[in-house]
2 protein chains.
Amino acid sequence: MTSKINKKIGILGGGQLGKMLCQAGSKFHLNLHILEKNADCPASAVCTVFSHGDITNYDDVIQFGKTLDILTIEIENVNIHALEDLEKLGVKVYPQPAVINIIKDKGLQKEFYKQNNFPTSDFILKPNADEIRFAINNGELTFPFVQKSRTEGYDGKGVQVINNSDDLKNLLDTPSVCEKLVDIKYEISVIVARNPSREVSSFPIVGMEFHPTANLVEFLYCPIDLNENLVHLAKKTAIDVANSLDIVGLLAVEMFVDINAELWINEVAPRPHNSGHHTIEANYCSQYEQHIRCLLNWPLGDTSAHHAAVMINLLGESGQAGPTCYEGLDDILKMKGVYPHLYGKKTTQSFRKMGHVTIIDKEIQAAIETANLIKEKIKVIANC
Amino acid sequence: MTSKINKKIGILGGGQLGKMLCQAGSKFHLNLHILEKNADCPASAVCTVFSHGDITNYDDVIQFGKTLDILTIEIENVNIHALEDLEKLGVKVYPQPAVINIIKDKGLQKEFYKQNNFPTSDFILKPNADEIRFAINNGELTFPFVQKSRTEGYDGKGVQVINNSDDLKNLLDTPSVCEKLVDIKYEISVIVARNPSREVSSFPIVGMEFHPTANLVEFLYCPIDLNENLVHLAKKTAIDVANSLDIVGLLAVEMFVDINAELWINEVAPRPHNSGHHTIEANYCSQYEQHIRCLLNWPLGDTSAHHAAVMINLLGESGQAGPTCYEGLDDILKMKGVYPHLYGKKTTQSFRKMGHVTIIDKEIQAAIETANLIKEKIKVIANC
């Protein structure tokens, strides 16, 4: 087969995920276009063409997409109607608008799991805070439960545990999923990739530890020590979800393992995911290259890991806002197998994702020890 | 130590080496400026700022460099006078103009080795073809010898073996180094890095096999099976040359091992080098990131390899010229541990460097076998 490799590929969103997609694509010198409101965004410096516009605006997305061959996303909050119309015009949109539509609404997502008999915790959908209170009062809902905003939730925002009637004052007044709290032993993630030829592949399971205050993944590790049946079930479940959705591209499937070793799907993301950053250094093919292979209907890459890995998110220090400054970078640059990725955001805020550090080692325990050292050394602060 | 990471770094030249420097820098979101005549060059899509201009032109280089903090090169053929003046203006120029000046003239390079007692084959310098013929006639020079153009030589051009009087008709009429032909058993390369704090580090030794017609490195492998003394001597020699030059940045030291296991310096390059492409995938720190660490006076990275590697240059097929087209890319994308890098040059020519493929494996023999398969599968041709 011969190829010119001249397809025009667009990405809606220019954050760090868009940036890392561009970095993976630049190895093949792909023609990568970014649409984003903020010209100073992480991806703007590494994309082929930067276009200024709002990914939630119909006209902006149509204008951007209509001259492209392939369109993808780095965030779900995009104008779906525009994507549907671009698909009709012959632009290949991966993931497909119908898939994004289900996933971006956590209510539709939960209903999808239920209809397809995937394990997910019991839930009810409510349009606002009053209806949630009413459900509590009439016994339809019991404490504790998790309130998740159906849309607009991102990076831990829009999700909270409601433990008792005192917490009800914190209820978000928004269309919500109210779901049974799982007694979590582990949070895990499996990233699946599917290309248009329906070739499917999954990355090794990663364990996720969350930041207690920010409700963001703070610490990720791979491999995770799970029993063989659970490994098999988690991979199979993730692949089955991807196949049921018929998605083209990456699907990150976040799951809970409860204290009884039962598996529950938490939520999915139809794009590169925080839980796959480490694949850049630790795996033969990264999640970013894999997504690009999906877009171009290339053979999928080898997802196996050649190193154990830990990933730490670099969050802006709590209470600091202003021009970005890195403390302790020199110290961690001296350490072997340590890979800082800085997203280039000009200003920092409390808990803003400013970068990440991947640590690779032969054994996971050694990587975890290095990661614990690093967490103490590097900080993102405001002003130098 | 705190840092804003806001230094402006310029690179003279926008070819594949400039591109891969930008790719390494983008992990840290560095502010990378490229100066290059050709706006369609490999680096233009991945640099932060592209400037159009001639790197051999005094005014263009001054204009480009005067607003920068740090300036480096990806090719030696640059305007040295401008670099000297920029250095006086306070711009940090790495490698230093004085070092580039010695290295870009193969005559001065050879004299440097001689003056500093580094092993290099005997040579004489001659200003033109007539003087070379005269040296043959009077017995100052004997067949066979190698004629190397003192300047302008690049990618195998300007270098030829003169075996006998018949070959004299091919003499280049240019200032030349005429050197004794070494009876080569191996060609090897050691890439050394030095930062402004004089921290020094070297990459593992690589073996190079040349393309018989194009006189270009076609096949590179690491590790190479050499005896311990020779390994020690080659590393020490490379580091000693870097220290003697007092270079800041990378220095690739190409050496011959002759049939008597003697070591000879062939030539050096003060920049990232073809013989270090594989370090992107096979080593903890790549040559490109290492060069950037030198520029910023960061601690040097770990140069050790975690995989055996072979690198194949993707040269334009002989006799073909026109719009670039890749044949067999699909086939090699299916193979594990295989990393194609496409430089994005819009047109191909006979033996033009269009990309490279790195193959990594646990054992070098397995990587060599895969590389031999790949050489048969992938071709860069004109028109699809």
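Per-structure values
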quantity	calculated
Calculated label separations, A:ASN170, copies of the chain, 7 Å along the beta-carbon direction, nm	8.0
Chain A residue with Cβ closest to the axis mapping A onto B, distance in whole Å	A:VAL46, 3
Ratio of Rg to Rh over the protein assembly as shown (Cα coordinates, Kirkwood Rh, two decimals)	1.02
Under 11 Å, Cβ to Cβ, from A:GLU199 - net charge with Lys/Arg +1 and Asp/Glu -1	+4
Listed residues B:TYR94, B:TYR186, B:TYR221, most fluctuating in chain B (Gaussian network, C-alpha, under 10 Å)	B:TYR186
For B:ASP59, label point 7 Å along C-beta direction: distances to other copies, nm	4.4
Distance between modelled label sites at A:ASP130 and A:ARG198, nm, 7 Å Cα→Cβ extension	4.8 nm
Per-residue mean of C-beta atoms belonging to partner chains within 10 Å, peptide B:12-25	1
Cα-based equivalent ellipsoid of the range B:1-154: semi-axis lengths in Å, sorted from largest, via gyration tensor	37, 16, 15
The range A:226-290 versus the range B:280-300: alpha-carbon centroid distance in Å	32 Å
Under 24 Å from B:LYS362, Cα to Cα: lysines that are on another chain or at least 8 residues apart	A:LYS27, A:LYS336, A:LYS362, B:LYS235, B:LYS334, B:LYS336, B:LYS375, B:LYS377
Test item: B:28-34 mean partner chain Cβ contacts at 10 Å	4
Anchor B:LYS185: aspartates and glutamates whose Cα lies under 15 Å away (excluding residues fewer than 8 positions away in-chain)	B:GLU209, B:ASP225, B:GLU254, B:ASP258, B:GLU262
Gyration tensor over alpha-carbon atoms, chain B, equivalent ellipsoid semi-axes in Å	30, 27, 23
For the range A:247-345, convex hull of alpha carbons as volume per residue, Å³	177 Å³
Estimated 222 nm signal from helices in chain A, with DSSP H stretches of n ≥ 4 weighted -39500 (n - 2.57), rounded to 500	-8000 deg cm²/dmol
Length-normalised contact order of the range A:58-159 in % [C-alpha pairs under 8 Å, at least 6 apart]	20 percent
Teacher prompt: B:ASP258 distances to equivalent labels in other copies, 7 Å Cα→Cβ, nm	7.8
Beta bridges by DSSP in the protein assembly as shown, antiparallel share as percent, to the nearest 5	80 percent
Highest to lowest packing among B:348-354, B:30-36, B:115-121, scored as the average C-beta count within 10 Å	B:30-36, B:348-354, B:115-121
Shielding by partners - mean other protein chain Cβ count within 10 Å, residues of B:325-333	5
When the range B:230-285 is reduced to its Cα atoms, the Kirkwood hydrodynamic radius in Å	12.4 Å
Top of B:ILE80, B:ILE239, B:ILE136 by mean-square fluctuation, Gaussian network on chain B, Cα under 10 Å	B:ILE136
DSSP-assigned coil residues among trypsin sites (Lys or Arg not before Pro) in the range A:1-105, each with at most 15 further Cβ atoms within 10 Å	A:LYS4, A:LYS7, A:LYS37, A:LYS66
Kirkwood Rh and Cα Rg combined as Rg/Rh, the range B:138-211	1.10
Inverse mean reciprocal Cα-Cα distance (Kirkwood Rh) of the range B:71-223, Å	17.6 Å
Length-normalised contact order for chain A - Cα pairs under 8 Å, 6+ apart - percent	13 percent
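We did not get these values from a lab; they are worked out from the coordinates using the rules stated. Values in this document were obtained by computation on a predicted structure and should not be read as measured data. With ideal geometry, Cβ positions are generated from the backbone for all residues, glycine too; neighbour counts draw on all protein chains shown.
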